[in-house]
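Structure first, then comments.
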Amino acid sequence: MINKMNLQEDNTNSIISLNRNEISKNVQWLISLGGTIEMIEKIIEIFSTPNQTILINTHKSPELLNLKSTMLYISNNNDSGHWIYYNSNGTIYNSYDLDHQPYGSAQFCQTYAMLYMLGENSPIIKRKFTNKLKSGSSNYANNIKVVVKFWRYIFRYDKLLRQWMISEVKSINNYDVINNYSFITRNSIEINLKLIKKLLTYIYNTSEHIANLC
């Protein structure tokens, strides 16, 4: 089942703008997938070390928490917030502050936070993805492409993982259909690996446009 806390990035206007855009149904599912606790836990379990932790719905400043090696979900309310990574040395990795995405945009902060964490614990993730992230507005589209490449890698990684992830996408889609959110298709049975590959390619090819949705 989908975690009903479909954790989004904190910017109401950006979310509304994205949902009204004609590309929303091709993008929102990946934002939702990357923001479910089950998905994050599964990826950390596979690629990271046992001492990695996740904390959600934290209203305090990261500096006041005194936590290490933790993905933090900083929230101003129960519905929206922003993912960051607080590493073992106490350094905060924030996709806004690192200028990996437009400040306040509702895009892929949950994936960036995972890449920061995994980049310190998985050499292959660091080499293939984390090190490919670049700062600056001229690189926002590049970073979205890195996100797409990462998820392509995850979907190809293992057959059982792939089957579980496709099931998660279907659950997200069912939830969105029921709640009249932006959804991929009204019939989740249609969702398979071929369609997911098509959706990822769409995001990759429209990365410039998505990067400007602020």
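The values are calculated or read from the model by the stated rules, or taken from the named source; none is laboratory data. Note that the structure is predicted; figures quoted are calculated from it, not measured. Don't worry about glycine lacking a Cβ; one is built from the backbone with ideal geometry, like all the others, and counts go over all protein chains shown.
For this structure, a couple of remarks:
- Filter pass, Leu213 being aliphatic (A, V, I, L, M) and assigned to a helix (DSSP H, G or I): no
- In the range 83-114, the residues that are buried (at least 24 other Cβ atoms within 10 Å of the Cβ) and more than 16 Å from the chain's Cα centre (by Cα): Tyr86
- Residue count for the range 166-196 satisfying the condition of being more than 20 Å from the chain's Cα centre (by Cα), β-branched (Val, Ile, Thr) and in a helix (DSSP H, G or I): 3.
- Options Ser137, Ser188: the member that is hydroxyl-bearing (Ser, Thr, Tyr), out of contact with any Cys (no Cβ under 8 Å at 6 or more places or on another chain) and buried (at least 16 other Cβ atoms within 10 Å of the Cβ): Ser188
- Subset of the range 165-185 (residues that are farther than 14 Å from Ser32 by Cα and either in contact (Cβ under 8 Å) with a residue 12 or more places away in the chain or surrounded by 14 or more Cβ atoms within 10 Å (Cβ to Cβ) (or both)): Thr185
- Selection within the range 116-145 - charged (D, E, K, R), more than 26 Å from His209 (Cα to Cα) and either in a helix (DSSP H, G or I) or in contact with a Ser or Thr (Cβ under 7 Å, 6 or more places away or on another chain) (or both): Lys126, Arg127
- Of the residues contained in the range 70-78, none is found to be in a loop (DSSP other than H, G, I, E, B), modelled with pLDDT of 80 or more and surrounded by fewer than 20 Cβ atoms within 10 Å (Cβ to Cβ).
- Hey, Asp158 among the charged types (D, E, K, R) and more than 24 Å from Ile46 (Cβ to Cβ) or not: no
- Some residue of the range 93-110 being assigned to a helix (DSSP H, G or I) and either closer than 28 Å to Asn51 by Cα or at pLDDT below 95 (or both): yes
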